[in-house]
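The values are calculated or read from the model by the stated rules, or taken from the named source; none is laboratory data. Note that the structure is predicted; figures quoted are calculated from it, not measured. Heavy atoms of the whole protein, side chains included, go into the accessibility calculation; ligands, DNA and RNA do not. Shrake-Rupley method; radii C 1.70, N 1.55, O 1.52, S 1.80 Å.
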Amino acid sequence: VSSNCSTTDTVPRDCQASTSSLSELSKKNNCTAADSSPRCVLNLDIAVPKLAPLGSSERPSVGSSGHHLGICKPCAHVFGKQGCHNGPLCNFCHLCGPDDIKMHKKKKQAFQCATKR
């Protein structure tokens, strides 16, 4: 199947870094200039960093995966007397501190007030 679509007009003007990154990935995947046709496949296992193992200090729970991006929800039980009963399988972040729960609630309330207007 052939296509008249082109991605040349969608490439950012300052794409020198991304082009070099693609070149490096192409070299790692044994792609040459002659292989620049669609059959040259980049391996995402090389391009995407691996997650820390579940239960480690870098990712103590499933919900902690988005902590570094700021998209996590703090666990309300991790700092309690008995701790979180779900442990590493908890869908909430165990990296957030106890003050983060209050901060998230305030942000949520402010957002809800702003959207009511």
Only listed residue being at pLDDT below 90 and open to solvent by less than 100 Å² (accessible area, probe 1.4 Å), chosen from CYS72, CYS84, CYS5, CYS90:
CYS72
Could you check, for segment 35-46, whether at least one of its residues is over 18 Å from the mean Cα position of the chain (by Cα), outside any loop (DSSP other than H, G, I, E, B) and at pLDDT below 85?
yes
Here is a list of conditions, (1) open to solvent by less than 40 Å² (accessible area, probe 1.4 Å); (2) modelled with pLDDT under 85, and SER57 meets all of them except one; can you say which number that is?
(1)
